[in-house]
Each structure stands twice: as C-alpha cells, then as structure tokens.
Amino acid sequence: MRRHLVDRFRTLLPAAALLLPAAAAAQTEGAGFEAFHGTWTAQSGRGTPAVTMTWEDRGGGIVYVSTTDSSPDAGPLEVFAFRLDGKDYPYAFRGGDVTSTIASAAIDRNAIDVTYKMGGTRTARSRWSVSGNGSTLTVGRPDGTTWSLARQNASPAQAPREFSSGYKRYIGVWEAVRNERGSNTGTVVWEDRGENFVIATVRDRDGRVTMRYTLKYDGKHYPCVSNRGGVNTITSVFVDDYKTDWSIYLADGSLSGSGSRIVDPDGQRIVVPGSGGGGNDLIWHRAGDAPTDGILAP
C-alpha cells in the first residue's frame, strides 16, 4: 500500500508542478492598486499617529502616494510613486536619506508586499492590505510599527494621458563634459519604467548619489530626494519632442529651481541651458545604456 501511494504521488507530482504557476497567476490576476486609491486617515492612538495618506492614480499602473501629519508647516511626511513590479523607486521621507528606496509586488487584489531599502540594503519588508469591505488600510512601516487607517473617499479613475514618445531619447547613462556651473556633477542615469515613467539618479564626480527622482512628463508632482534632505517634489513637461521643462519644489511648496533640457535628434547629447549664455550651458554626452533590473544602486 505504501509503495502504491509513493508511485501515485510521483505520478501526480509533474502535474502539480505545472499547476503551481497557474495557481500563482490566478492569485494575482487582476491585482493592482485599485483597492488602495483614495484618501485614508488615522486618529492618533494604538501606535498610529494622526496622518492622512492619499493614493492617486497616475495611469499605466502607477500610483503617487503622499502622507501628511499634524505638522503642516513641515510639509509632507513622505512621498513616493511606484508600480507593482518589485523594482526599487525613490522614497522621500522626512529625515530620510537620498539612497532610500521602496518597492512593491502584488499578493492579491487587496494586498501588496512592500520592501524598504537604504543604501541598497533591505531594512524592512511588510504587507500592506485593504480590508475586504474596503474600509480599512493596514500599512507596515519601516520602523516595524503598523498603521491602521480608515477610508475617507475613493479617487476617480484616471483617463489615459497623451504623451510624447520623445522621453525615450533621454533613457541611458550620461556623463557631463562641460560643467562651468557645477564642478561636482558626475553621471546622470535615466531609467525607463514604461509609459512615460522614468527614474533619474544624479551622482557627483566621486560617484556619490546627490539626487534621485521619479517623474512622469505630465506636469504633476513626483518625489525628489537629495543629499540636502527634505521631502521635495519635481514636475516636468514636454515643450516639444526634444525639449522638457522641469521645476523642483521644497516641502513647503516654494520653488527651489527650474530649467530645461534639450536632447539632440540623434539622442547622443543633452544640453541644459545656463542663465548667462552658452558658456554656462551644462552638456552631457551619452555614455551607455541604462540598467533594466530595477535595482537602484547606492
């Protein structure tokens, strides 16, 4: 009898192995951020501070998340934008580090797996979930605590936004070859995350990350972290198929800086015009292809 059962198990094992990927796919089929979209709040108590967390649909599976607390003068507590693809995205939070990142992967329709990293090393991993009735959001924090927030309202679905395909000309690794304005500028890497969604990493000449941001060329705010600290945001739009305008804002909403970037038609050079004529222009030459593994190196 025992031998019969073992033989039977061996017969079924290949079929079961084939079913496992299908079962996993069925578990996450249709999974996305839809259950999370909207505004969530928590009253102080039971380990959860008085915060408001807003999840905004930016289209193409992208969500922009902003959290504020009871200190409005201090600006947002955190901002980030990501996809359910398991890849690293810049994580801007009060008192944070320029190398801080966040990643998410789908568990099912109402739950995601979230990973925090600092300097490329995982510091925390947690499960975020929305209750079955859609009324409660549970969020695992980087410090190991758990927030419980109540839904206030759902956000409307985003209509598809038109954009220029020109953004792909910026994708790659770029090296500064003229740099009268900023002697510490090193490489800049633009990574393509699909559908007009990019991540940029700016380094100094010693290879240290000085700025990292996520953006979509839709004129809306996206997280921008820098070695100067603070929860900053950046906006960017296409002026034409080769030129983009950008602006960076501080946590209090004030403008920190703005400018333009112009990429040559052959995609081999980017010019950042200076304020004092051509001699102050910053010029980058293409040095290679951008990584596609989704890991943001420190």
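The values are calculated or read from the model by the stated rules, or taken from the named source; none is laboratory data. Keep in mind the model is a prediction, meaning the values are calculated, not measured. All Cβ positions, even for glycine, are placed from backbone atoms using ideal geometry, and neighbour counts span all protein chains on display.
Of note:
- Restricting region 137-163 to residues that are among the β-branched types (Val, Ile, Thr) and at pLDDT below 95, the residue that is surrounded by the fewest Cβ atoms within 10 Å (Cβ to Cβ): 145
- Enumeration of residues in region 241-298 that are without any contact (Cβ under 8 Å) to a residue 12 or more places away in the chain, of a type in the set (S, T, N, Q) and within 22 Å of residue 98 (Cβ to Cβ): 254
- For residue 266, the criteria (1) at pLDDT 90 or above; (2) surrounded by fewer than 13 Cβ atoms within 10 Å (Cβ to Cβ) hold in every case but one, which is (1).
- Condition check for residue 105 on (1) modelled with pLDDT of 95 or more; (2) surrounded by fewer than 16 Cβ atoms within 10 Å (Cβ to Cβ); (3) not in a strand (DSSP E or B): one failure, at (3).
- Selection from region 60-92 of residues that are of a type in the set (Gly, Ala, Ser), at pLDDT below 90 and outside any loop (DSSP other than H, G, I, E, B): 74
- Residues within region 76-99 that are over 13 Å from the mean Cα position of the chain (by Cα) and not aliphatic (A, V, I, L, M), tallied: 5
- In region 210-298, counting only strands (runs of 3 or more DSSP E) that sit wholly within it, the ones holding 1 or more residues that are more than 17 Å from the chain's Cα centre (by Cα) and within 28 Å of residue 87 (Cβ to Cβ) span 232-238, 243-249, 255-263, 269-272, 282-288.
- Condition met for residue 228 (outside the structural domain of residue 120 (by TED's automatic domain parsing) and closer than 26 Å to residue 60 by Cβ): no
- Residues that are modelled with pLDDT under 90 and not assigned by TED's automatic domain parsing to the domain that holds residue 145 occur at least once in region 31-41.
- Residue in region 61-70 that is within 24 Å of residue 219 (Cα to Cα) and more than 15 Å from the chain's Cα centre (by Cα) present: yes
- Number of residues in region 130-154 that are free of Cβ contacts under 8 Å to residues at least 12 places away in the same chain and part of a strand (DSSP E or B) equals 1.
- Qualifying residue in region 188-207 (condition: hydroxyl-bearing (Ser, Thr, Tyr), in a strand (DSSP E or B) and surrounded by fewer than 21 Cβ atoms within 10 Å (Cβ to Cβ)): no
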